[in-house]
Amino acid sequence: MAVYTVISLIWLYKQPKDVVQNESIKKWLFYFISVTLFMLVIYFLISNTIIPYYLGTAFLFSVVIIFFGIWALKNPFLFKINREKYSNSSLNYAKSVYSVNQLDVLMEDEKLFLDPELTLAKTSARLGISTKQVSQAINQVHKKNYSQYIATHRVEEAKRLLLLEEYANYKISAIAYDSGFNSISSFNATFKKLTQITAIEYRQSHSL
């Protein structure tokens, strides 16, 4: 049991944030496993008469159990069983991959994202599936929502244009509109969010 708890602690420590998404759950597991290991150590010391057994130890165990019980009551999400997302959808993962592959081809070949008036409804009409299924497919395959998916393509197009010689004298606003954005403010915010730098900084960093 001691070996198991130690291995569990090491495994938990090495988990990246995207695996244990909720830090509260990670904290719960860390404390729970640590206390379990502590109890095992105390039990080992008592069973080998290294320390004398006394009622205080039993009291300590009771306090720990009560503490975790109260914590669990205050954080019911720790024991909530979440239903699998899209479990009732008629679009399974294989179909999602197929739909997204079709969508990726449309984005690459026809550059649908260049249309500043592009909507989820227009996109779903091109794919021949419902808007909900388009959103589901993008979310399942790319782990993004529809807006983020389109924004990513537009920013990649802007990055491409910023490096073209024929666009060297173009203003950032012109490149923003040529990339499918319908406002310079939206472009600036999205570009900075996805690249961590501004479009001007991106152009300057590649012109050296």
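Values quoted throughout were computed directly from the atomic coordinates according to the rules given, and no laboratory measurement underlies them. Keep in mind that what you see is a predicted model, and the values were worked out from it rather than measured. Please note: Cβ atoms are built from the backbone with ideal geometry, for glycine as well, and neighbour counts cover all protein chains shown.
Assuming R0 = 35 Å, can you tell me the calculated FRET efficiency for the pair residue 72 and residue 182, based on Cβ-Cβ distance, to the nearest 0.05?
Computed FRET efficiency for residue 72 and residue 182: 0.10.
Report the calculated FRET efficiency for residue 132 and residue 63 (r = Cβ-Cβ distance, R0 = 45 Å), to the nearest 0.05.
For R0 = 45 Å, the calculated efficiency reads 0.35.
Which entries of 144/192; 27/95; 95/192; 26/132; 74/143 have Cα-Cα distances beyond 29 Å here?
Violating the 29 Å limit, Cα to Cα: 27/95; 95/192; 26/132; 74/143.
Please state the charge dipole magnitude for the chain, taken about the Cα centre, from unit charges on C-beta atoms (+1 on K and R, -1 on D and E), reported in debye and rounded to the nearest 20.
With Lys and Arg at +1 and Asp and Glu at -1, about 720 debye.
Return the Cα extents of the range 97-205 along principal axes one, two and three, sorted largest first, each rounded to a whole Å.
That works out to 41, 24, 21 Å along the principal axes.
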